[in-house]
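Notes for the one structure printed next.
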Amino acid sequence: NRYDYQRYHQLFRANRVFGQGSQALFASTSYRFATDTTVRVGARYEKDDIDYLWAYYSDPATTKTLQNGIVLNFPAYGWPTTSAKHSDSYVNYDFGVQQKLGADAMIYFNYAYANQGPLYDAESTTERDRNSSVPLSPLPSEEVNSIEIGLKSEWLDNRLLLNVNVFDMKYDNYQALTNVTDTANPNAVPQLRTYAAGKVSSRGIEVTSSALLTDHFRLDVAGMYNKAVIDEWFYAPCFANQTAAEGCLNGLVPGEPVARGYQRDISGNLLANAPKYKLTAIGTYSGNLGFNSAVSYDASL
């Protein structure tokens, strides 16, 4: 996979190329006992190779006259070209047990481990990266351990489907996309950066149901409670215009060659864009009147 990125903008001309390749070997197997118990195991070995080339172009000093007559002076500029290659290998796996409870119900347990593999902060265009000849290093790989326990069942001659599952997921080096502000210039446009944020957990319960209320009308209802929490994230970037009194410090942080504003620890905060409650309801009518129709309702909190 090749990703060619070009941007030509006043006082910033660059050609950036990113590459990624992967090789994998995977297998899974399952065995059903006479007690209607099924055990399943799966594993995947993967080797990932990533590379990049950032080529920046130099331009001499120039001036630009705006429509209102104001003349802007732009100094000469140029940044060093950087490139790097990295590779990593890892094993993802899962293990599950299913137990049938008669012909219409089944309970299950599943554990899974997954590693995302190496990743560059590919959209980073901060002054730190442009002014430094030090190549980029991959972010620490995101890892997740997941446990799920649930029930799948059908009732009333298959007219009612009811599934319930409880989940608990723990992330390490959670990949967070966030805006980084310049504490020295709060009016500057924030830079979009990807961080290996730290430890995050997500646990809750999901309920899914589908009921055929009449021969022509079906009602599907799904609900979820999810408590997604930042368990540990040291040196999170400050938000726009955050002051020292509000918890914004300034200085060198691990992995950053220059000082920047940071929040020392935001552990315990809820994860952004992860609603605590979610409800979806869909009613579907299909009949012999020559048309089908559906009405849905979706809410998150």
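The values are calculated or read from the model by the stated rules, or taken from the named source; none is laboratory data. Predicted model, so just to flag it, every value in this text is computed and none were measured. A quick note on method: Cβ atoms are made from the backbone with ideal geometry, for glycine too, and the neighbour counts reach across all protein chains shown. Accessible surface is based on the protein model in full, side chains and every heavy atom, while ligands, DNA and RNA are left aside. Shrake-Rupley method; radii C 1.70, N 1.55, O 1.52, S 1.80 Å.
Taking R0 as 25 Å, what FRET efficiency do you get between S28 and H86 from their Cβ-Cβ distance, rounded to the nearest 0.05?
Details: r = 29 Å, r/R0 = 1.16.
Efficiency, rounded to the nearest 0.05: 0.30.
The heavy atoms of R203 offer some 90 square angstrom of accessible surface to a 1.4 angstrom probe.
Here K199 is the anchor, and the lysines within straight C-alpha reach of less than 30 Å, apart from those fewer than 8 places off in the same chain, are K47, K85, K170, K227, K276, K278.
Starting from 0.36 nm per residue, how many nanometres of slack lie between Y111 and S153 once their C-alpha separation is accounted for? Please list the in-between numbers first.
Numbers: separation 42, 0.36 × 42 = 15.12 nm, distance 2.08 nm.
Result for the pair: 13.0 nm of gain on full extension.
Want the number for N273 to V166: 0.36 nm per residue separation, take away the alpha-carbon distance, what's left? The partial results should precede the final answer.
Numbers: separation 107, 0.36 × 107 = 38.52 nm, distance 2.05 nm.
Answer, rounded to one decimal: 36.5 nm.
If a/c stays under 1.5 just call it rounded; otherwise compare a/b with b/c (prolate if a/b is bigger, oblate if not). Do that for the chain, with a ≥ b ≥ c from the square roots of the Cα gyration tensor eigenvalues. Because a/c hits 1.5 or more and a/b exceeds b/c, the chain counts as prolate.
Ranked by the mean number of other Cβ atoms within 10 Å of their residues, highest first, the peptides 74-83, 109-118 come out as 109-118, 74-83. Shape class of segment 223-288 from the alpha-carbon gyration tensor: prolate, with a/c at 1.5 or above and a/b greater than b/c.
Using the Cβ-Cβ distance between S293 and E232 with R0 set to 51 Å, the FRET efficiency from 1/(1 + (r/R0)^6) comes to roughly 0.55.
Computed with a 1.4 Å probe over protein heavy atoms only, the accessible surface of the chain comes to 61 Å² per residue. Rounded to the nearest 10 square angstrom, S267 shows an accessible area of 50 square angstrom against a 1.4 Å probe. Largest mean-square fluctuation among G287, G96, G21, in a Gaussian network model of the chain whose springs join Cα atoms under 10 Å apart, belongs to G287. Surface composition of the chain: carbon and sulfur make up 56 percent of the accessible area, probe 1.4 Å. Shape class of segment 43-103 from the alpha-carbon gyration tensor: oblate, with a/c at 1.5 or above and b/c at least as large as a/b.
For the chain, set up a Gaussian network in which alpha carbons nearer than 10 Å are linked by springs, and say which option among T178, T62, T194 fluctuates the most. Per the Cα network of the chain with a 10 Å cutoff, T62 tops the list.
For the residues K278, K170, K64, a GNM of the chain with alpha-carbon springs under 10 Å puts the largest fluctuation on K64. Among the protein heavy atoms, those of I107 account for about 70 Å² of accessible surface (1.4 Å probe, every chain in place).
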